[in-house]
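So the structure is just underneath, and the comments pick up after that.
Where a number appears in this text, it was derived from the coordinates with a stated rule and is not lab data. Here the structure is a predicted model, which means the values were calculated and not measured. Positions of Cβ are generated from backbone atoms using ideal geometry, with glycine treated the same way; all protein chains shown enter the neighbour counts.
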Amino acid sequence: MMSLFSFLQNWGCWEWLTFGLVLMILELAIPGTFIMWFGFGGVLTGLIMAFIPLTINGQLAVFAFCSAISVFFGFFVYKRIFGANKEVSQQNQVGAQKYIGQSFKVIEAIDDGNGKIAVGDTVWLAKSKHPIAKGKRAKVVGVKGTILIVE
């Protein structure tokens, strides 16, 4: 049986470039935004191998180093794209939490602190400290169980 070490012994720049590109293409089939960075490591290893012949140990060390550097930079790329985007974090909220900050039409007047509001095609129970007339808009400021707290 052929070991991985002996298999990689014959690799040159084209094999590393192909390996890196295959990993990048796999990222499209298996989304997760992580395989791509190892693909960059493979491509960079192939480019280095085009100019500097390396032993198998050197190739693996260069691949590990290039992959680590690309993962490191990838972290900052994704943090910049998704980390500061408030809309993305609101989309990830589940349940009624995603309605906080939005305004909806009151369909049953909130007289004694309780009433109902329309959220899309759904009716939600609503609570407010102040009366809100039917037909007015109420802003969701919190959630308590399945009841939206409005003002």
Quiz item: What is the chain's relative contact order, in percent, from Cα pairs under 8 angstrom and six or more apart in sequence?
Solution: 15 percent
Self-check item: Folded to 0 to 90 degrees: helix 35-51 orientation relative to the chain principal axis, Cα
Solution: 30 degrees
Self-check item: Interchain or long-range residues, amide H under 5 Å from residue 102's placed H
Solution: 140
Quiz item: Among 14, 42, 131, whose Cα sits farthest toward the positive end of the charge dipole of the chain (+1 at Cβ of Lys/Arg, -1 at Cβ of Asp/Glu, about the Cα centre)?
Solution: 131
Quiz prompt | J(HN,Hα) series, region 116-132, from Karplus relation 6.51 cos²θ - 1.76 cosθ + 1.60, nearest Hz, glycine and proline x | solution = 9, 10, 9, 10, x, 9, 10, 9, 10, 6, 9, 10, 8, 6, 10, x, 10
Quiz item: Can you list the residues, at least 5 places off or on another chain, whose amide H is less than 5 Å from the amide H of residue 136, using H built in the peptide plane?
Solution: 106
Practice problem: Give the Kirkwood hydrodynamic radius (Å, one decimal) of the chain, defined as one over the mean of 1/r across all pairs of different Cα atoms. | Solution: 19.8 Å
Practice problem: List, in order, the whole-Hz ³J(HN,Hα) value for each residue of region 107-114 obtained from phi through the Karplus relation with A = 6.51, B = -1.76, C = 1.60 and θ = phi - 60°; use x for Gly and Pro. | Solution: 9, 9, 3, 9, 9, 9, x, 10
Quiz item: Just for the chain, what percent of DSSP beta bridges are antiparallel, to the closest 5?
Solution: 85 percent
Quiz item: To the nearest 10 degrees, how steep is helix 56-78 against the longest Cα principal axis of the chain, on a 0 to 90 scale?
Solution: 20 degrees
Quiz item: Along region 141-151, what does the Karplus equation 6.51 cos²θ - 1.76 cosθ + 1.60 (θ = phi - 60°) give for ³J(HN,Hα), rounded to whole Hz, x for Gly and Pro?
Solution: 10, x, 9, 10, x, 10, 10, 8, 8, 10, 9
Quiz item: To the nearest 10 degrees, how steep is helix 13-29 against the longest Cα principal axis of the chain, on a 0 to 90 scale?
Solution: 20 degrees
Quiz item: Which whole-angstrom value gives the distance between the alpha carbon centres of region 57-73 and region 98-151?
Solution: 54 Å
Exercise. Divide by every residue of the chain the summed helix terms, -39500 (n - 2.57) for each DSSP H run of at least 4, and state the resulting mean residue ellipticity at 222 nm, rounded to the nearest 500 deg cm²/dmol.
Key: -14500 deg cm²/dmol
